[in-house]
Amino acid sequence: MTSQGELAGQVAIVTGGSRGIGRGIVLRLAAAGATVVVNYRERTPAAEETVALVTAAGGTAAAVSFDVGDPEAVRVGMQNVVEGYGRLDVLVNNAGVAADGLVLRLKDDDWERAIRTNLSGVFYCTRAALRAMVRARYGRIVNVTSVVAEMGNAGQAAYGAAKAGVVGFTKSLAREVASRGVTVNAVAPGFVETDMTAGLGAEQKAFYTTVIPVGRPATAADVAAAVAFLASPAAGYVTGHVLHVNGGLLM
């Protein structure tokens, strides 16, 4: 969806960018010419590997560690990025955690962790990035939500609630900043093959491939392609939109 060099000269930050979907997004944005900041919380070797992959492909990336669920850490981390590069054009809010469990058995700490990272983290990072974007009168914010936000999934009430909150946040913020040249959109993946889903049994994986019309799960590259489009100058007239990447699982 993006062409080589379309993001040349731009600076992007991808939260949770060290592995899985986040890594795929980092590689795609870097291939389009952006300097990509890889945010991570604690997996330093994975973040360094992602940076090395970008560098090996001729791109530019750097790793920055801060917890998106900690508002002060986010403020300092994002400020350092803006001051270090002199700009911030693209923010991809991808960091997320699973806190699965039936509601009757769900612990308070698990609920709070899901909301803090998956929803509050989006707010903290966006708030910290907006000032530079509004000042430049240009910006692309892409929030990674989930098909679960709309169709639900037993055992994922906390995750689904947080991701549904991201959709509402996306649409409301899009209205706030559209006149400032900043677009705000979301990408909602369906079932994606990553190391987070690698532990699923063969029977569960077979179920997903039979109910997905395309007949296969998504790859990180599938999701990254959608993110790259919404992060590009070509998507300047698209805002407040949720782009579903689910192979037809939800229509």
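The values are calculated or read from the model by the stated rules, or taken from the named source; none is laboratory data. Quantities reported herein were computed from a predicted structural model and do not represent experimental measurements. Backbone-built Cβ (ideal geometry, glycine too); neighbour counts: all protein chains shown.
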**OP:** Specify the residue that is nearest to residue 144 (Cα to Cα); the eligible residues are those in segment 11-31 that are out of contact with any strand residue (DSSP E or B) (no Cβ under 6 Å at 6 or more places or on another chain) and surrounded by fewer than 24 Cβ atoms within 10 Å (Cβ to Cβ).
**Re:** 20
Original post:
Give me the pairs: first residue in segment 156-176 and outside any helix (DSSP H, G or I), second residue of a type in the set (Val, Ile, Thr), beta-carbon distance under 8 Å, and six or more apart or on different chains, which are they?
Top reply: 156/148
Original post:
Residues in segment 151-163: is at least one closer than 11 Å to residue 186 by Cβ and not charged (D, E, K, R)?
Top reply: no
Subject >> Qualifying position, being in a helix (DSSP H, G or I), of a type outside the set (A, V, I, L, M, F, W, C) and over 20 Å from the mean Cα position of the chain (by Cα), among 113, 135 >> reply: 135
**OP:** Hey, could you check segment 185-220 for residues that are out of contact with any strand residue (DSSP E or B) (no Cβ under 9 Å at 6 or more places or on another chain) and hydroxyl-bearing (Ser, Thr, Tyr) and say which is farthest from residue 23 (Cα to Cα)?
**Re:** 210
Original post:
Quick one: is residue 42 without any contact (Cβ under 8 Å) to a residue 60 or more places away in the chain, more than 16 Å from the chain's Cα centre (by Cα) and in a loop (DSSP other than H, G, I, E, B)?
Top reply: yes
**OP:** Answer yes or no: is there a residue in segment 72-79 that is at pLDDT below 95 and at negative phi.
**Re:** no
**OP:** Could you check how many residues of segment 104-125 are surrounded by fewer than 22 Cβ atoms within 10 Å (Cβ to Cβ) and within 13 Å of residue 75 (Cβ to Cβ)?
**Re:** 1
Subject >> Residue tally, condition surrounded by fewer than 19 Cβ atoms within 10 Å (Cβ to Cβ), assigned to a loop (DSSP other than H, G, I, E, B) and of a type in the set (A, V, I, L, M), over segment 192-251 >> reply: 8
